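Data first, discussion second: the structure below is written as structure tokens.
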Amino acid sequence: MRSFTQKLIRRNKRFAWKQFKSSLVNEGSDKRMKKGESESRTKTYIKILLAPDSFKGSMTSMEVIDCLERVARRHFDPVEIVKVPVADGGEGTVDALVAIKGGEYRYIEVTGPLGDKVKVKYGIIESGIVQDNEKKTAVIEMAQASGLPLLAPPERNPLLTTTYGTGEIIKDALDLGIRDFIIGIGGSATNDGGIGAAQALGVRFTDSEGNDVGYGGRELSRIRRIDIENRDKRLGESNIIVICDVNNPLTGDKGATMVFGPQKGATPEMLAILEEGMKNYARVIRNQLGIDVDKIPGSGAAGGLGAALVCFLGAQLKPGIDTILDFADFERLLEDVDLVITGEGRIDRQSVFGKVPVGIAKRCKNQGVKVVAIAGSMGEGAQEVYKYGIESIMPIVNKDMCLDEAISRAGELLEDAADRMFRLVKLGMDMK
């Protein structure tokens, strides 16, 4: 397997020869080239693939790519840029898949996490990931309707928040005749086990007196029976892939409530109520449907929405970044690529668990392509990613600053970091 520098030397020798032949044609073969003239005309050619995740709260994947491209073109001439916007099932999933495949956005109004109306968008693209046919696929982010960014910190209360709006998006797509779905379930504000989404699609959850329970995580402990008789029949004709970047079970110390509840506003008292309710919910599912949801990796994703989508909608749970890369035909895009730049808002030891940079690096390592990551910040254990094929990490923060300042200045900080990174790349290319 040739090294990065060896690949460039070999390619640039071919490029130099083409340049030399072209100069003979343009200037006349009878004119002798002056010593050193051919070398001065020869330029270093490099092919770079850009595949970063979004920098949450500041820049989309495509905005990061555009910035990296601008800086790369300042340093390399000629340069070929391959753009691959990516996501892992959270923020940016719709934009990434629409950009990769081509498609359109649909804008509708649905129920937000606290019951108020919110405007959302989802993508409609040509199928190719769910079925090999000419049907269309709806690409949905649950965070559009039920996400944490929709709520100010004082409003965050997983006892009350619901996924009902996510179910309404699915219903809207069904009304359009769409039967293939890709649903990203990162960034949720909810811990309702997904019952809200299921309720929007006709599933009933009743208490000991046969009355429908309400919305939100506090209702989970009241469930005694699940009635799927009036579930939207069109779901039986549908193919649903759910992509997420976690594999947590529904309950327990590593479950939806205990791991993710605090970041959604749950106090210790709320956690106890939510966990007891989630255990009851899992028990009713097991007794009625014969499904042990705690044995399904990812059932605890998005506050248990993963469990509901599997149990009531027949969905398949898949790792987010791998699904996106398969859809993009990533291995084909890597052909003749010299260097891959990936990244995300923060790289730490959690990045090895299904996050974009490591997912990218694993594929590149198999193809012998070098990878560098650019990140908003580095956290504890970030060096773990080196084991998976990332050669180096370039953080964008260049001096002491608070998070708010870093987010507000993300564009200029990224451009500066990209400049530093590409200068080092050029240095490495020159060290032959």
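Things worth noting here:
- Pairs from K101/K136; K56/K295; K171/K233; K136/K171; K254/K365; K135/K171 whose Cα-Cα separation, in the structure shown, is over 19 Å: K56/K295; K254/K365
- Calculated [θ] (222 nm, deg cm²/dmol) that DSSP helices of n ≥ 4 give over the chain, each run adding -39,500 (n - 2.57): -12000 deg cm²/dmol
- Largest-first ellipsoid semi-axes for region 159-215, taking √(5λ) over the Cα gyration tensor eigenvalues, angstrom: 22, 16, 7
- Euclidean distance of C-alpha centroids, region 156-188 and region 233-253, integer Å: 12
- Sequence of K136, K119 once ranked by neighbouring C-beta atoms within 10 Å, starting from the fewest: K119, K136
- Cβ-to-Cβ counts within 10 Å put T162, T60 in ascending order as T60, T162, the fewest first.
- For the chain, size of Cβ-based charge dipole, Lys and Arg +1, Asp and Glu -1, in debye: 2100
- Mean-position separation - Cα centroids, region 353-369 and region 300-327, in angstrom: 21
- Among 260-271, 236-247, the order from most to least packed when residues are scored by Cβ within 10 Å on average: 236-247, 260-271
- Cβ-based net charge around G381, under 10 Å, with every Lys or Arg adding one and every Asp or Glu removing one: -2
- Toward the positive end of the charge dipole of region 93-321, with +1 on the Cβ of Lys and Arg and -1 on the Cβ of Asp and Glu, the farthest Cα among G202, Y164, L148 is that of G202.
- Taking the DSSP bridge list for region 204-338 and keeping only pairs wholly inside it, about 50 percent are antiparallel.
- Lys/Arg +1, Asp/Glu -1 at C-beta; the chain dipole; positive extreme among V358, A87, F422: F422
- The length gained on full extension between Q350 and D336, counted as 0.36 nm times the residue separation minus their Cα-Cα distance, comes to 2.0 nm.
- 0 to 90° range, to nearest 10: angle between helix 4-27 axis and the chain longest Cα axis: 50
- All distinct Cα pairs of the chain go into the 1/r average, and the inverse of that average, the Kirkwood radius, is 23.3 Å.
- Normalised per residue, the volume of the convex hull around the Cα set of region 93-321 (Å³): 110
- Each residue of region 291-304 was assigned a 3J(HN,Hα) from its phi angle through the Karplus expression (A = 6.51, B = -1.76, C = 1.60, θ = phi - 60°), giving 10, 8, 5, 5, 9, 9, x, x, 5, x, 4, 6, x, x Hz with x at Gly and Pro.
Laboratory data are not the source of any read-out in this text; all were calculated from the coordinates shown. Computed from a prediction, not measured in an experiment: that's the story for all the values here. A quick note on method: Cβ atoms are made from the backbone with ideal geometry, for glycine too, and the neighbour counts reach across all protein chains shown.
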